[in-house]
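A short write-up of the structure that comes next.
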Amino acid sequence: MDIATRVHAILAEQAMVPPTDIHPDRSLSDLGIDSLGLVETIFAIEETFDVTVPFDANDPGAGPFDVTTVASVIAAVERLVAARP
């Protein structure tokens, strides 16, 4: 399973929607993922990909991990995975 597919599955589980409802241009809030859901999403991403998401991930301008849209989350996870030692 590629990174995008796994991120889609994580977001779908948190939003309680089918993975087919997860589209690149949708925001996490559009999916119904609130702040608690975002924290759970970040934990799931860290566990699934064996990465550490920066603590300021919920602030799109604060760091490299952007949670604005599904596509930005996928891109951020891809960068974190690529940077693993």
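Would you call Thr48 over 18 Å from Thr69 (Cβ atoms), part of a helix (DSSP H, G or I) and of a type in the set (Ser, Thr, Tyr)?
Working: over 18 Å from Thr69 (Cβ atoms): yes; part of a helix (DSSP H, G or I): yes; of a type in the set (Ser, Thr, Tyr): yes.
Considered against the rule, which asks whether it is over 18 Å from Thr69 (Cβ atoms), part of a helix (DSSP H, G or I) and of a type in the set (Ser, Thr, Tyr), Thr48 comes out as yes.
Here is a check on your reading of the model: is Ile42 surrounded by 14 or more Cβ atoms within 10 Å (Cβ to Cβ) and modelled with pLDDT under 95? Walk me through how you get there before you give the answer.
Working: surrounded by 14 or more Cβ atoms within 10 Å (Cβ to Cβ): yes; modelled with pLDDT under 95: yes.
For Ile42, the condition - surrounded by 14 or more Cβ atoms within 10 Å (Cβ to Cβ) and modelled with pLDDT under 95 - is met.
When the residues of the range 68-85 are filtered to those that are in contact (Cβ under 8 Å) with a residue 12 or more places away in the chain and under 14 Å from Asp25 (Cβ atoms), the one that is surrounded by the most Cβ atoms within 10 Å (Cβ to Cβ) is Val73. Taking the range 1-31 as the range and being part of a helix (DSSP H, G or I), in contact (Cβ under 8 Å) with a residue 24 or more places away in the chain and either of a type in the set (D, E, K, R) or touching a His at 6+ places or on another chain (Cβ under 6 Å) (or both) as the test, the residues that pass are Arg6, Glu13. Looking only at residues in the range 51-75 that are of a type in the set (S, T, N, Q) and either at pLDDT 85 or above or part of a helix (DSSP H, G or I) (or both), the one that is farthest from Glu13 (Cα to Cα) is Thr52.
The values are calculated or read from the model by the stated rules, or taken from the named source; none is laboratory data. Bear in mind the structure is a predicted one, so any value in this text is a computation, not a measurement. Note that each Cβ is placed from the backbone with ideal geometry, even for glycine, and that neighbours are counted across all protein chains shown.
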